[in-house]
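A short worksheet on the structure shown next.
The values are calculated or read from the model by the stated rules, or taken from the named source; none is laboratory data. Keep in mind that what you see is a predicted model, and the values were worked out from it rather than measured. With ideal geometry, Cβ positions are generated from the backbone for all residues, glycine too; neighbour counts draw on all protein chains shown. Surface accessibility is based on the protein's heavy atoms, side chains included, excluding ligands, DNA and RNA. Shrake-Rupley method; radii C 1.70, N 1.55, O 1.52, S 1.80 Å.
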Amino acid sequence: REPRQALRPHAEDAFADELKALEAADDRPRPARWRMSPWAVAMYLLGGTLPDGTVISPKYVGPRRIVEVAVTTLATDRALLLIGVPGTAKTWVSEHLAAAISGDSTLLVQGTAGTPEEAIRYGWNYAQLLTRGPSREALVPSPVMRAMAEGKIARLEELTRIPADVQDTLITLLSEKTLPIPELNEEVQAVRGFNLIATANDRDRGVNDLSSALRRRFNTVVLPLPATVEDEVDIVSRRVEQIGRSLDLPDAPSGADEIRRVVTVFRELRDGVTHDGRTKIKSPSGTLSTA
């Protein structure tokens, strides 16, 4: 039997060669439980060439300062909140930051209107709970709890879609770096290396606004839309090429003109005006995303 291939490999698997080369070449100080130094993490996201000639492909095309602030935030044990409209690569950036820092981007909580408190704290295996009562064996740790215990990066997508009372679960967790388990009269204390990256769509403002107490626990970084058509065409072209390779699609003639046409349409719809600035366009009621 042929080995199963994931349709969309995690970042740490898709770019394993680049991560390995960066780790080998990185001789700078590393924070506790980081796979590489902050310098190497930034290079992994922004791209560059190592002394041995290894080319690191850019994962984020945008202002270097944004990546530097994000990496510095995580290195100082402060939680990171990435905010931006759809298509600004919030999820993409959070995944690659976690892959470069922890080697594991899978400790993920997907925020929705129905996300329960257990998704952030912990749940219970009810068969074990009925058999043995409250115990460590019956406890089901959340991705955040696992990240705390293992000193890794946890990811929380669409923070503002989570109900406000569930959001507040994060306040003690981020300020005290501890997760109480009152049923067992225990707690899980975060070990060095733990941190949290959350994302939020600023067009969802008003869905479930963050309390001031919770917002203070984050350092907020706003991801802008690509500055020019050329930047956005470059980003989309790279993603099309990566997706084509992952699906083993045959080589095709350059689709630069088609990509530029689609990108221009999306930019016009987002901006509500044609590229030449002469005609206003009614924005659609649905949310647009080029991510």
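Sorted by packing (mean other beta-carbon atoms within 10 Å per residue), highest first, where do 6-14, 142-150 land? Mind showing how you got there, number by number?
Numbers: 6-14: 14.4, 142-150: 20.7.
Ranked by mean Cβ neighbours within 10 Å, highest first: 142-150, 6-14.
Sort W34, W39, W92 by heavy-atom solvent-accessible area, probe 1.4 angstrom, most to least.
Working: W34 20, W39 90, W92 45 Å².
Largest to smallest exposure gives the sequence W39, W92, W34.
Label-point separation (nm) for T274 and I181, each offset 7 Å from Cα along Cα-to-Cβ?
6.4
Using DSSP to call loops (not H, G, I, E or B), can you name the chymotrypsin sites (Phe, Trp or Tyr not before Pro) in region 126-228 whose Cβ has at most 13 other Cβ atoms within 10 angstrom?
Values: sites: Y126, F194, F218; in loops: F194.
Sites meeting the loop and neighbour criteria: none at all.
Stretched out fully, how many nm does the piece from R192 to N125 gain, at 0.36 nm a residue minus the Cα gap? Mind showing how you got there, number by number?
Working: separation 67, 0.36 × 67 = 24.12 nm, distance 2.83 nm.
The R192-N125 span can extend by a further 21.3 nm.
How far apart, in nanometres, would the label points at E23 and R203 be if each is projected 7 angstrom from Cα along the Cα-to-Cβ direction?
Between E23 and R203, the simple spin-label model gives 3.9 nm.
Kirkwood hydrodynamic radius, computed over distinct alpha-carbon pairs, for region 1-96: how many Å, to one decimal? Kindly include the intermediate steps, with their values, before the conclusion.
On the way: mean 1/r = 0.0684 Å⁻¹.
The answer is 14.6 Å.
What nm distance separates the two modelled labels at V55 and R8, each placed 7 Å from Cα along Cα→Cβ?
2.6
Rounded to the nearest whole Å², what accessible area per residue is found for region 34-116 with the 1.4 Å probe?
Details: 2810 Å² over 83 residues.
For region 34-116, the per-residue accessible area is 34 Å².
Using a Debye calculation, one point per C-alpha and no hydration shell, please list log10 I(q)/I(0) for region 102-228 at q = 0.11, 0.19, 0.23 Å⁻¹ in order.
-0.41, -1.11, -1.45
If you restrict to DSSP beta bridges whose two residues both lie in region 79-230, what percentage is antiparallel, to the nearest 5?
Working: 7 of 24 bridges.
Of the beta bridges lying entirely in region 79-230, close to 30 percent run antiparallel.
Pop the C-beta distance of E68 and A213 into the FRET formula with R0 = 30 Å and round what comes out to the nearest 0.05. List each step's numbers first, then the result.
On the way: r = 27 Å, r/R0 = 0.92.
It comes out at approximately 0.65.
Compute the signed sum of charges (Lys and Arg +1, Asp and Glu -1) over the other residues within less than 9 Å, Cβ to Cβ, of S37.
Numbers: positive: R28, R30; negative: D26, D27.
That works out to 0.
Using 0.36 nm per residue of separation minus the Cα-Cα distance, give me the extension gain between T228 and R261 in nm, one decimal.
Numbers: separation 33, 0.36 × 33 = 11.88 nm, distance 1.36 nm.
Here the answer is 10.5 nm.
Leaving out ligands, DNA and RNA, and with a 1.4 Å probe, what % of the accessible surface on region 1-141 is carbon or sulfur? Each step should come with its number before you reach the end.
Values: 3790 of 7220 Å².
Within region 1-141, the accessible surface is 52 percent carbon and sulfur.
With +1 on each Lys and Arg Cβ and -1 on each Asp and Glu Cβ, how big is the dipole of region 38-165 about its Cα centre, in debye rounded to the nearest 20? Before the final figure, lay out each step's value.
On the way: 12 positive and 12 negative charges, 22 e Å.
So the magnitude is around 100 debye.
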